[in-house]
């Protein structure tokens, strides 16, 4: 529902302040309220931000003087729309792209309020939105769709090409060549599956439906299985080094989620890093995401480091946001966003730093111990 529609439902007999103040501080839209004499009687702070003008000092002035807005034909929009001379059946004006005198682009929607049907307009409520922000969002969405199409098309083209060649020329290939082609098809199919899984995970995260099925896991076999997968994809076995500093506390987590976290972090290092990839497992403590300050628990700590250029400090927070990717890079920007969501769903933390000799280091911590046992101990302590 449009903001102007919501105001209209409140009724026209209330003053603009009564109607608008209750919602003006909680909405992203700018609000203007005009009276039956074309005068500006209310403006919220967001409207001033969007219009880039301190128009609250113009309260009581005719709207064409307080907030002159122009359409694409160079006409004053207040004269073109003219809510005060519209037919009684007209309830408002649909969204329109307008310009201020200083060239600021805004999207305006109007709602006309009458005390009774067929009576003159008593109030005009105008909702303003940042046109440039919407354009940027639309460009970002278009770029994302283009990237997703590219990410899907490349492996699908490979699968189609190799499978077609294999079917037409089956007898011409040796068993070793057939095996290589089939492994390539399988790897490309896995790539498509991972992309679709990423999109589904983002949907679950955004909807608050990310499920974590904890059980006791052992990190060594999870990492070993991932390394075997990478070796099968042609990554040299000596490219990735694993170090496990024992003893490691019991780790209760969702093995599928931890596996995906490892896959995303190692794949990120292989794609954007350089040199040797080092996976290190150790023990430590973690401040619980959903706990009180200082609520630290024993944790399993895993770091993935590379020997690339590292991550500038100014980017270390934004790299975990949805759809973010570095300049000049063509990827979905979902991998690290999913990592952060999955780690925090376990009550853990993830951070990005640079190593002493350069290169990026991603470290995540998962609280150790049986979460059910921890809850029962906490309950016992509270009772005691």
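Derivation of every value follows stated rules applied to the coordinates shown; laboratory data play no part. Note that the coordinates shown come from a computational prediction; the quantities given were computed from them, not determined experimentally.
Values for this structure:
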| item | result |
| --- | --- |
| Rg to Rh quotient for segment 183-224, alpha carbon positions, Kirkwood Rh | 1.11 |
| Theoretical gain in end-to-end length, residue 45 to residue 88 [0.36 nm per residue, Cα-Cα removed] | 12.3 nm |
| Three-way shape call for segment 223-269 based on the alpha-carbon gyration tensor, with the a/c threshold at 1.5 | oblate |
| Between segment 228-287 and segment 69-110, the alpha-carbon center distance in angstrom | 57 |
| Hull volume in cubic angstrom per residue (convex hull over the Cα atoms of segment 135-207) | 80 |
| P(r), alpha carbons of segment 30-187 - 5 Å bins starting at zero, rounded % | 2, 8, 13, 14, 11, 7, 5, 4, 4, 4, 4, 5, 5, 5, 4, 3, 1, 0 |
| Surface/4 estimate of mean projected area, convex hull on alpha-carbon atoms of segment 56-104, nm² | 4.3 |
